[in-house]
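Just below is one structure, and these are the notes that go with it.
Each reported figure results from applying straightforward, stated rules to the coordinates on display, with no laboratory input. Model, not experiment: these values are computed from the prediction. All Cβ positions, even for glycine, are placed from backbone atoms using ideal geometry, and neighbour counts span all protein chains on display.
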Amino acid sequence: MGQPSIVEVDYHVLVGKLKLAADSGCLVERTDKDKWKAYIEEHQIRETSLIAFGKVKFSRGAPIPVAITMSGAWAGCYVYSDKDEAALKYVPAS
């Protein structure tokens, strides 16, 4: 079993996918504590590591963690910064 990884994704594409996910009811934000906790536990996301990577990568804005729950390649957990126009995806171990 491998290790999870954090990969860069296109910020502008992610923003579009986040809007689509929100419109479809498939966006889990950290502010929705119950849904966020359930998502993190179910998918065994190392939330602390994801946010730490975001803090290192983003120099101007605080990392914002979100999860897209709809099917497809963009399903998963992300951290992004609007001020930096940058985004990272958490890729679970395979």
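Computed quantities for the displayed model
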quantity	calculated
Helix-only [θ]222 nm of the chain, DSSP H runs n ≥ 4, -39500 (n - 2.57) each, per residue, nearest 500	-11500 deg cm²/dmol
In range of the label at Glu85: residues from the range 3-18 whose backbone nitrogen is under 14 Å from the point 7 Å along Cα→Cβ	10-16
